[in-house]
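Here the structure is laid out as structure tokens; the discussion comes afterwards.
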Amino acid sequence: MSDDRRFGSAPWVVLGVAVAIFVGWALFPGKTLYTQVLTPHRLVALAALLKLVYLLAGTAWAFACRDHLEPDNPARPAWFLLSLGLLANFAGQLCLAPFQVFRNETPFPSVADIFYVLAYPFLIAALLVLLNAYRESGFPIGSFADRALTLGAVGAIAAVVAVPILRPVVATGGPLLDRALTVAYPVLDLVLLLPLALLLRIALKLRGSHAGEVWVLILGGIVFLCAGDICFAYFQSLGEQHLDPFVHATFVLAYSLIAGGAHRQLQLLRS
């Protein structure tokens, strides 16, 4: 194996080990590894630092992609919007990190939620701009009927999945702001899923190409982001905080995949 390939695979090995550790924490919390070595406090701190690293790297790489595109390239604004969405998430995680690293707690709601909510308009706009860029470039985005059918199917599936999950969240007692935010994240994710579904269709048609690799990574990351928010809302409403390791693993995966896609795109633009 060449040095370049070895270096390129190392971050994915680190990611795989990190995710395995968090999943193991959820499945076997009583094991010595998780009670004496990788204690809950250390793992929460590790998750916070990993999220910060992936978000900051993704922000920088997405912005660099924007700079490497011609001023009249229709995809250029999308990379800028993606970088802003990642930066907003970074700011939110930065607000939580001191509590997680030094006090082993994650306050909710908090100032961080302002930045997390702010990230959604940027991410949704980035996907919409990308759809328009693909349309202008002649990529196979499908007929109007195909797109309408895709959006209808995704909306129906999302409703079937989300309603049973959100019902106990809405019914749970507690401060109005807590409940509003807990519901807002999954709802915003469902909105994000609509343009995402159309982009996934394009990415699947591009599989095997470099562009397909980029978008499978980024769109896969957004899918995990949606899953993380839905899991957080469900676990939070039911008081199942012992399942938080799954939430940490999901968000680490989400941010790392998006950052990996941005880095791969930057490599293509530089070459």
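Quick one: which of V183, V170 is open to solvent by 30 Å² or more (accessible area, probe 1.4 Å), modelled with pLDDT under 80 and within 19 Å of the chain's Cα centre (by Cα)?
The conditions single out V183.
Could you grab me the full set of residues in region 106-130 that are outside any helix (DSSP H, G or I) and touching a residue at least 60 places away in the same chain (Cβ under 8 Å)?
Listed by number, the residues that qualify are T106, F108, P109.
Which residue, of R76, R103, is without any contact (Cβ under 8 Å) to a residue 12 or more places away in the chain, over 28 Å from L131 (Cα atoms), out of contact with any Gly (no Cβ under 8 Å at 6 or more places or on another chain) and not acidic (D, E)?
Residue meeting the stated conditions: R103.
Give region 31-60 a look and list any residue that's under 20 Å from the mean Cα position of the chain (by Cα) and open to solvent by 70 Å² or more (accessible area, probe 1.4 Å), or say none.
L49, V53, L56
May I ask you to verify whether P98 is farther than 19 Å from C226 by Cβ, open to solvent by 40 Å² or more (accessible area, probe 1.4 Å) and in a loop (DSSP other than H, G, I, E, B)?
No, not satisfied.
Residues checked against (1) charged (D, E, K, R); (2) modelled with pLDDT under 90; (3) within 16 Å of L86 (Cβ to Cβ):
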{"position": "G221", "(1), (2), (3)": "no, no, yes"}
{"position": "A227", "(1), (2), (3)": "no, yes, no"}
{"position": "I230", "(1), (2), (3)": "no, yes, no"}
{"position": "F235", "(1), (2), (3)": "no, yes, no"}
{"position": "E240", "(1), (2), (3)": "yes, yes, no"}
{"position": "A259", "(1), (2), (3)": "no, no, yes"}
{"position": "Q265", "(1), (2), (3)": "no, no, yes"}
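Scan Q100, Q36, Q93 and give me the residue that is within 23 Å of L253 (Cβ to Cβ), at pLDDT below 95 and not aliphatic (A, V, I, L, M).
Q100
Does Y120 satisfy the condition of being under 17 Å from C231 (Cα atoms) and either of a type in the set (S, T, Y) or at pLDDT 75 or above (or both)?
It is false that Y120 is under 17 Å from C231 (Cα atoms) and either of a type in the set (S, T, Y) or at pLDDT 75 or above (or both).
With respect to R66, is the statement that it is out of contact with any Lys or Arg (no Cβ under 8 Å at 6 or more places or on another chain) and either farther than 27 Å from V19 by Cα or open to solvent by 30 Å² or more (accessible area, probe 1.4 Å) (or both) true?
For R66, the condition - out of contact with any Lys or Arg (no Cβ under 8 Å at 6 or more places or on another chain) and either farther than 27 Å from V19 by Cα or open to solvent by 30 Å² or more (accessible area, probe 1.4 Å) (or both) - is not met.
The values are calculated or read from the model by the stated rules, or taken from the named source; none is laboratory data. Note that the structure is predicted; figures quoted are calculated from it, not measured. For neighbour counting, all protein chains shown are included, and Cβ atoms are generated from backbone atoms with ideal geometry for every residue, glycine included. When the accessible area is computed, the model is the full protein with side chains, heavy atoms only, and any ligands, DNA or RNA have been set aside. Shrake-Rupley method; radii C 1.70, N 1.55, O 1.52, S 1.80 Å.
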